[in-house]
Amino acid sequence: MTVPRHQRATLSVAETPDGAGYVLDGVPYGLPSPLPLSAAELAARHAAALDFRALIPGAGEEDRAQQAAALAGALARLAAGQPLDTAAQAALQADHPHATGPVLIRTDGSADKQSGSLSLGYLLGDRPYGAVLRGALGHEGLAEREAIRVALTHARALGHTAFQVQSDHKFHVRRYDEALIHRGRRKSPSLERLYALVDELGSAVTFTYTPTLDTDAPHRLALHARALERLSRGLPLSRAQAVALRRVHYALKAGGKGLY
């Protein structure tokens with residue numbers, strides 16, 4: 001039986017020390033090592049979740065698949081608070097090669113209510129990113145502050161010199177925008193890391209509160225990152241994760257111009 005055109009997709013895969021990378025239906029994806037399955041197996045699960053019934057070998061997309069794997073490895077290092085090595089720095093620069101001057105950063109985080117696992121999403125300008133905080137468990141506030149930390153670290157590594165952070169998390173926005181930091185109080189390690197980063201950036205970083213409806217894209221990216229992680233482990237997706245998987249795919253396919 002002939003598979004309808006809308007249920008067919010091209011696929012190219014790559015395995016690297018950084019993780020698994022693949023280009024599905026023209027959109028690059030990557031997950032960092034270690035993974036319990038191959039890039040081809042992960043891509044097949046992803047394709048099935050998007051209702052693709054036939055996969056056609058892509059032409060000339062292997063380099064993009066390798067770059068996606070390298071980028072996933074670099075984002076995992078950022079999320080874990082590890083220093084960037086030369087390869088990770090190169091992967092970030094290759095994905096966003098013309099980063100200079102000021103940048104608008106929109107962030108959000110997500111905590112799974114059943115498992116407590118954390119994921120984050122953010123946009124540097126109009127460039128989308130998402131990651132899972134592997135090994136970390138907690139609440140939504142922790143995920144949101146980690147999203148700010150990772151996004152700021154990423155933007156600085158790219159060479160941006162001024163940072164305007166938009167978040168719907170009033171706790172963090174007011175602490176920095178209105179200088180409501182009580183430094184003598186006992187704080188968590190995650191708050192201390194973020195405080196130190198904001199202090200280091202000084203007047204180069206500003207914080208602005210934005211309503212939740214304006215953070216749809218980073219929130220969806222955070223859910224999307226968790227959806228890919230769950231697919232890699234053979235776990236079912238929640239309705240919100242399945243929606244994010246589709247919305248993010250078709251937004252990326254449209255060049256980031258569509259709704260996430």
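The values are calculated or read from the model by the stated rules, or taken from the named source; none is laboratory data. Since the structure is predicted, the reported quantities are computational estimates derived from the model, not experimental observations. Using ideal geometry, Cβ is built from the backbone for each residue, glycine included, and neighbour counts are taken over all protein chains shown. Please note that ligands, DNA and RNA were not included when accessible areas were found on the heavy atoms of the full protein model with its side chains. Shrake-Rupley method; radii C 1.70, N 1.55, O 1.52, S 1.80 Å.
Brief remarks on what is shown
- Per residue accessible area in Å² of the chain, where ligands, DNA and RNA are left out and the probe is 1.4 Å: 48
- Rounded to the nearest 10 square angstrom, ASP63 shows an accessible area of 100 square angstrom against a 1.4 Å probe.
- Virtual spin-label span in nm between PHE171 and LEU201, 7 Å along Cα→Cβ: 1.9
- Taking a sphere under 12 Å around the Cβ of VAL3 and counting the other residues whose Cβ falls inside, with K and R at +1 and D and E at -1, yields a net charge of +2.
- Here the calculated FRET efficiency for GLN164 and ASP63, from their Cβ-Cβ distance with R0 = 22 Å, stands at 0.10, rounded to the nearest 0.05.
- Looking at the range 3-63, the pairs of alpha carbons with a distance over 20 Å make up 22% of the total.
- Computed magnitude of the charge dipole of the chain (debye, nearest 20; Cβ of K, R +1, Cβ of D, E -1): 640
- C-alpha long axis of helix 140-158 to longest principal axis of the chain, angle in °: 80
- Mean Cα-pair separation over length for the chain, i.e. relative contact order, pairs under 8 Å, 6 or more apart, %: 18
- The mean of 1/r over all distinct Cα pairs in the range 13-140, once inverted, gives the Kirkwood hydrodynamic radius of 15.7 Å.
- With both residues required to sit in the chain, DSSP beta bridges show an antiparallel share near 65%.
- Surface share of carbon and sulfur [accessible, 1.4 angstrom probe, percent] for the chain: 54
- Most mobile listed residue (THR210, THR86, THR153) in the chain, GNM with C-alpha springs under 10 Å: THR86
- Computed from Cα positions, the angle between helix 86-95 and the longest principal axis of the chain comes to roughly 80 degrees.
- Distance between modelled label sites at THR100 and ALA254, nm, 7 Å Cα→Cβ extension: 3.2
- In the chain, the C-alpha radius of gyration followed by the widest Cα-Cα span (Dmax) gives 18.2, 70 angstrom.
- Across the range 56-204, the fraction of Cα-Cα pairs farther apart than 22 Å, rounded to a whole number, is 42%.
- Computed from the C-beta positions of ALA40 and THR2 and an R0 of 25 Å, the FRET efficiency is 0.60 to the nearest 0.05.
- Centroid-to-centroid separation of the range 149-166 and the range 20-45 [C-alpha atoms, Å]: 27
- Volume per residue that the Cα convex hull of the range 51-95 spans, once the total is divided by residue count, Å³: 86
- A straight chain from ARG233 to LYS113 at 0.36 nm per residue would run longer than the Cα-Cα distance by 41.4 nm.
- Convex hull volume per residue in cubic angstrom - Cα atoms of the range 197-247: 112
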